[in-house]
1. Among the residues of the range D:224-239, which ones have their accessible area go down by 20 Å² or more when all the protein chains sit together, as opposed to their chain alone (1.4 Å probe)?
2. For chain A, which DSSP H helices look membrane-span-like by this rule: Cα extent along the axis of 20 Å or more and mean Kyte-Doolittle of at least 0.5?
3. How big is the charge dipole of the protein assembly as shown about its Cα centre, in debye rounded to the nearest 20, if each Lys and Arg gets +1 on its Cβ and each Asp and Glu gets -1 on its Cβ?
4. What is the distance in Å between the Cα centroid of the range B:8-54 and that of the range A:113-156?
5. Report, ordered by chain and residue number, the lysines lying within cross-link reach of C:Lys326, taken as a straight Cα distance under 28 Å and ignoring same-chain residues fewer than 8 apart.
6. If one takes the accessible area of chain A alone plus chain B alone and subtracts that of the pair, with a 1.4 Å probe, what total in Å², rounded to the nearest 100, results?
7. How big is the dipole moment of chain A about its Cα centre under a simple scheme where the beta carbon of each Lys and Arg is +1, that of each Asp and Glu is -1, and everything else is neutral? Debye, nearest 20, please.
8. At 1.4 Å probe size, with the rest of the protein present, what percent of the exposed accessible area of the protein assembly as shown is carbon and sulfur atoms?
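The values are calculated or read from the model by the stated rules, or taken from the named source; none is laboratory data. Model, not experiment: these values are computed from the prediction. Note that we place each Cβ from the backbone using ideal geometry, even for glycine, and neighbour counts take in every protein chain shown. Ligands, DNA and RNA are stripped out before the accessible areas are found, and what is left, the full protein with its side chains, is counted by its heavy atoms. Shrake-Rupley method; radii C 1.70, N 1.55, O 1.52, S 1.80 Å.
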There are 4 protein chains.
Amino acid sequence: MQFLSDNAAPVHPRVWNAMRAADGADTPYDTDALSRELNARFSALFGRECAALWVATGTAANCLALATMVQPHGGVICHEEAHIEMDECGAPGFYLHGAKLLLAKGEGAKLTPGGIADVLGGITRGVHQVPAHAISITQASEYGLTYRPEEISAIAGLAREHDLGLHMDGARFANAAAHLECSAAEAAGPVDALSFGFVKNGGMGAEAIVFFDPEKAELVRWRRKRAGHLQSKGRYLAAQVLAMLDDDLWLENARAANAAAAIIADGAAERLVHPAQINELFVQMNAEERAALRAQGFAFYDWGDTCIRLVTSWASDPADAHALGKAIASL
Amino acid sequence: MQFLSDNAAPVHPRVWNAMRAADGADTPYDTDALSRELNARFSALFGRECAALWVATGTAANCLALATMVQPHGGVICHEEAHIEMDECGAPGFYLHGAKLLLAKGEGAKLTPGGIADVLGGITRGVHQVPAHAISITQASEYGLTYRPEEISAIAGLAREHDLGLHMDGARFANAAAHLECSAAEAAGPVDALSFGFVKNGGMGAEAIVFFDPEKAELVRWRRKRAGHLQSKGRYLAAQVLAMLDDDLWLENARAANAAAAIIADGAAERLVHPAQINELFVQMNAEERAALRAQGFAFYDWGDTCIRLVTSWASDPADAHALGKAIASL
Amino acid sequence: MQFLSDNAAPVHPRVWNAMRAADGADTPYDTDALSRELNARFSALFGRECAALWVATGTAANCLALATMVQPHGGVICHEEAHIEMDECGAPGFYLHGAKLLLAKGEGAKLTPGGIADVLGGITRGVHQVPAHAISITQASEYGLTYRPEEISAIAGLAREHDLGLHMDGARFANAAAHLECSAAEAAGPVDALSFGFVKNGGMGAEAIVFFDPEKAELVRWRRKRAGHLQSKGRYLAAQVLAMLDDDLWLENARAANAAAAIIADGAAERLVHPAQINELFVQMNAEERAALRAQGFAFYDWGDTCIRLVTSWASDPADAHALGKAIASL
Amino acid sequence: MQFLSDNAAPVHPRVWNAMRAADGADTPYDTDALSRELNARFSALFGRECAALWVATGTAANCLALATMVQPHGGVICHEEAHIEMDECGAPGFYLHGAKLLLAKGEGAKLTPGGIADVLGGITRGVHQVPAHAISITQASEYGLTYRPEEISAIAGLAREHDLGLHMDGARFANAAAHLECSAAEAAGPVDALSFGFVKNGGMGAEAIVFFDPEKAELVRWRRKRAGHLQSKGRYLAAQVLAMLDDDLWLENARAANAAAAIIADGAAERLVHPAQINELFVQMNAEERAALRAQGFAFYDWGDTCIRLVTSWASDPADAHALGKAIASL
C-alpha cells in the first residue's frame, strides 16, 4: 500500500486513451491540432483570455514562467521551504541566469503579506543588493495548505504595489481547487502565470504553463525550445493536458486523492502537523511507530525524525486509506 | 502521403505496450526498476561499460552531454550546419553557460580532420579567444550522410591530440548504423558521449545519453534535474528506451525507414543533392515540380529555393514511397 | 620604437593630474561628484540627453551596452572579425547569458545593410533558431575603417525596421571622429548605445558607456555592479573620463595618433591592405622584410603570414613614424 | 571628519608613485614586467608557491576565485551576512552561472564548523537539492571580527572532509593580519584561494586573487578576460599591488587604520556591539545621539535603527579619532 508520492501513481486510463488517439496527429513540435487547442481550452476554464504551453515537468514550468518576470540580476520572493528553493537543484538559478531566491517565512510554507514585506524591507542598498522582481506562491503549499482567494488577492496587491510579477506553482493546483470548492479562476486569483500541474494528478509527463497575459507566452516559446523542452512529438503532451481538462478530469482526480487523504486524516487527526486539506498529510510519528506501520505494508517517506509524509493520489484505493487510518489510530 | 519529418510518425506499438506495462513500476524520477536497467542494457549493446540516462529531447541530450566536456568559457567545434548550431535556438549557449560553437566547414554537413584543424589553427590569441574544449559530430549528418568508423577514428585522434571531448549527436544514429551495416559500437566509434535518438525512430519522448566514461553521467544527473528534465514519472521514458533496444527494434525501424527512402531515391537518382544513405533525401526541384507533387498528395518541406527534403520513417508505407519515387521520375 | 598597440602608450599627463585631484573626492562607488558629472558632460558633447557610466574595459562596456538590447535567447549581428567575436574570450556569451553572435561579412570588417540583410534572411525557422535582437558596429572597424554618417544611418534604418537595438563599439571612436572631421554626434549617428573608448587614447582604465536613451543606463547600473565592475573608488575612473573630455583632449590625442599613422602610411602606400584612416595600418610584408624592420628597432605584430599591423598612439613620436615610413619605403 | 568607509580614503602616495613609474612598462594586458612579478612576490609573502592575478574589485576577486571551486549546479556555504550574499548584487550567481549561496549562521558574521555542519546536514535530497561545493569565509568578517589560525584550520578540516573548496574573502585581510599579529600565511591558513584586498587599504583599483594551488589560476586567466576584467593597461594594477607589498605597506596601512579605530573604541567601549579588532566599529546609538555626533562634523553610516558603523582607514587622522572617541564618551 503505497503512500510515497502521487508521482508514483499510474497514468489515468482516459489520459492513455487520449495519447493513443494522438498517433493520428502528425505535425511536429507544437504545430499540431491538439497543441493549438490549449489556449482556447484554458481561456474557457479561467474565463479570461490566456495562453498555455505544455512542458514536461513542474520544474521547467515554474522556471519558464518566472523567466517572464525576472531579470538575471533580480530576485524571486518565495517561501524558504518552497519547491523552487528546496527541490529543484537550483533550476531557477539556471533558467533565470543567476537570479536569486529571496526567502520569506510563513506558517505551513505559505507566504503572507507580512512575510513578503519583511523581505522587501531588507532590500535597501540600491545596486549592491539583488532587487525583487517577482513573488512565487504555491497552491497548495509544500505542507498541503491552500491559499484562499482573499489571501491571494492580498499578496497580489502587494505585488502590484511593488511592481513585482506574481507566479503560482500549482503542482497540486487541482487538489487545492478541489479543497477550496471554488473555480479554477478563483483558486488562481490574479496571478500573472500559473504552473498548472497534471503529472501528479493522472498525467504522464505534461504540465501546462498558463499566462494570463497571453503575450508573455511568446517569450516562453523561445525559452522552452532553448531549454530542450519543445518536444518534437508534442502532440502527446497536448493530448494529456486536454484529457485532463475534458469533463473536468483534473477535478475528479483531485477530489479522489483528497478524499483518500481525508479518510486517513480521520484516523490520524491528533497527530496532524498541519490541517488536512489536500492529498498530503504530515503526521507525527516516532521510529517505533513507523516501523510498525511499515510492517503492515504501508510505504511512505520520513519527514525528519518525528514526522512522516503521506501522499494519496487519484488511484489510491479508499480501502487502503481506511486501513492506514485505522492502523495509525491504533498505534 | 507524409514525408515531412520522422517526428510526425506515430509511436511504435511495441513502445506503446512497454509504456503501458510501466504503469506497474512505482517509484519516482529515475529510481524505478526500468530506469535502473539502462546502464546494463547499453553496456551490453556497446560491448563496454557505459552509463545511460533518459531525457525527453535530442536538444537536451546534446547539451547535457556537452556539459561534461565544455567549460563556460570554452567552445565546441561543430559543422556550420549542425543541428546544435542551426536548430536548437541557442540551447548550447544556455546549457553551457555562454560557451561558443566554433563552426567548421565540410561536405554534406560532415566534419573532417582538415575542417577541424582549420578551426583550431585560427585559435591563436590566448585568453583573448574562446578555446576549443570539444568536437561534436552528427551521425548521420544533417544531410543524411554517415561517418564510417575510420572517419570517426581520425576525428577522435585529433580530439585526443588536442585534449578535446568528442560528442556524437545521434538523432538518427540508428539509421546510420543500419546503413553502415555495422554494430552500434562501430557506428559510435571512440566518442566520449552519444546522444542516442529514439524519438524519430518510433519512440514518443525519450532519448538516451550514453556516456562511455560512466563517471561522466554523474555530473549530468545534477544538470538534468537542474534543467527540469528529470521527469517524475521517468519510468515511462525508460520503458520507451528499453522497448527500442528489445530485439533490436531500433535497427528494425531504422532499416524500414532507410528502405523506404531507398525506394524514393531510385526514382529521384539524378536529382539527389547528396548520396542516399539513410531516411533523408535532398532532391533538386523547382517550384512548378513541387506544386505538381503536392497536387498528387505528397507532403514535404522545401529546402531553399531549388531543393526539397524528404524524410521517411519506420511507419512509411512502401507503396507511398514507390508512388513518390515514380512521381518524381515522371516530372 | 613601439608600434604594437595603443594600449602600450602611457597615460596622458592631463589624465594623471585629474586622477590626483580626485584624491579629494570622497564618496564611494559612483556617488562622488565626478561620477555625477558624466551625464551632463556627455549630453553636452552629443547635443542630446544621454546617460553615461564609466567602466574599466571596452569588453565590459560592449557587453553591458548590449545587455540592454539582447535577451539571453537572442543574437547580435556583428562582423565576423569584430572584436566581440574574435578578441573577448566569449564575453558576450557570458554577459548576455548565452546569447549568440550572428556573423555578417563585409569589406574591411565593416557591416553593410546587405551583409546584415543576409544574416536576417537566414533566420527563418521560428523558435528553432536564434532571433536577432541587436546589431553591433565598430567605429572605426577592426581594420581601421570608419563609418560615414550616412552609412550609420542606413544601418540604423535597417535596425529600426527589424526592431533591433544598435550598438557602436567605439574603442577607437575618437580616431574615427578625428578622421571623419565630424562631431561626436555625427560619428555616433543614431545608435542606441556607444562604448566610448579612452584607454587606448591616453586614459588608464576608464571607458564610458553612453546611452542615448538615458533610461537604459538604469539596467546597466545593476549589471555593472553584478559584474564586479562598480569600482569602489570610481572617482578615479570618472576623473579620467572627464579629463579626456576637457578641452577635447580625446580629439587632440586621436588627431596626434592619426597623424603619426599618416606619416607611416606615406611610406607604405603601395603596401596598404586597407586605406589609412585612423591610427592602425595593415601593411603587406613578407618574413624577410619584417625581420629587416625589426632589426632596425621597430616593434609590431604580425597579422597572418603576409601582413603586419602597425598602431600609433597619442604618444607616438612623429620622428619614429617618419623613420618607420622611410624604412618601409626602402624595403 | 569622515568615518563612512575606507573606500573613501585617498590613494597612498607610494602607490601613486608606483603607478607613475609604470608609465614606462609597455606591453599590454598582463604581459608586462610588473604583472609577471606577482607570482613570485606572493609566493615569498606566503612562504609557499602560489599564483596571483590582479583584478579591479573585491567582487570580481571573490567570484573569480569561487569559479575554480564551484560548478554551476553547486553551492557556496557562506555566512548569511557575508558580502557575497548581501552586497554584490548577485555577482556570485552571475559568475558561477546560477550556483547558489547556502547560508549559515554564526556570531559576528563568522562561520563555525557547527554552522557549516548545519547547512551540510540539511542537504539530503540527492539531485533534487543544490550540493555544497565550497565554503567562503571572510577575514575579517562583516562585523570586523577575525578568524584565529586554529579557527580557520577547523573549517578547513571540515572542507577537506566534505571535499569542498575553501575561499577567503580578504577585503580587510590586512587589517585582520595586523590585529592577529601573525604572518600573512597564518592569517590565511590552509585556504585554497584568497581575495587579498588592497583598495580599502591605500590602493586605487587593484586587488589580488591568490591561488595556493597555482594551476587554479589558469582557469581564472580565461574567466577574468571573459568578464571584461583583463585591463589592457594592467601594468597600473600590478604596480599598485606591488607597491602595497613593498616594505609591507599593506601591514603598515592596516595598523594605522586599526589604531585609529582602537582610539575611537576606547571612548565607545560600552556601546560596542562586537569587540573592536580591526578598522570597523559597530556602536549602539540612538537617533538623537547620531544627530549630535553629526552636528559635530562626524560622518558615518547608520546600521539599522539602533547602531552606527564607523570605519577608519590608513589615512584617518588620529586627532579625528580622538575627537570622535571623546564625543561618543560624552554622549
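1. The answer is D:Lys225, D:Arg226, D:Ala227, D:Gly228, D:His229, D:Leu230, D:Gln231, D:Ser232, D:Lys233, D:Arg235, D:Tyr236 - residues whose exposure falls by at least 20 Å² when every protein chain is included.
2. Numbers: long enough: A:249-268 (28 Å, 0.65).
In chain A, the long hydrophobic H runs are A:249-268.
3. On the way: 108 positive and 160 negative charges, 1 e Å.
My answer is approximately 0 debye.
4. Comparing the Cα centres of the range B:8-54 and the range A:113-156, I get a distance of 41 Å.
5. The reachable lysines, counting only those whose Cα sits under 28 Å from C:Lys326, are C:Lys200.
6. 3800
7. Details: 27 positive and 40 negative charges, 145 e Å.
Using only the charged Cβ atoms, the result is roughly 700 debye.
8. In the protein assembly as shown, the share of accessible area belonging to carbon and sulfur is 50 percent.
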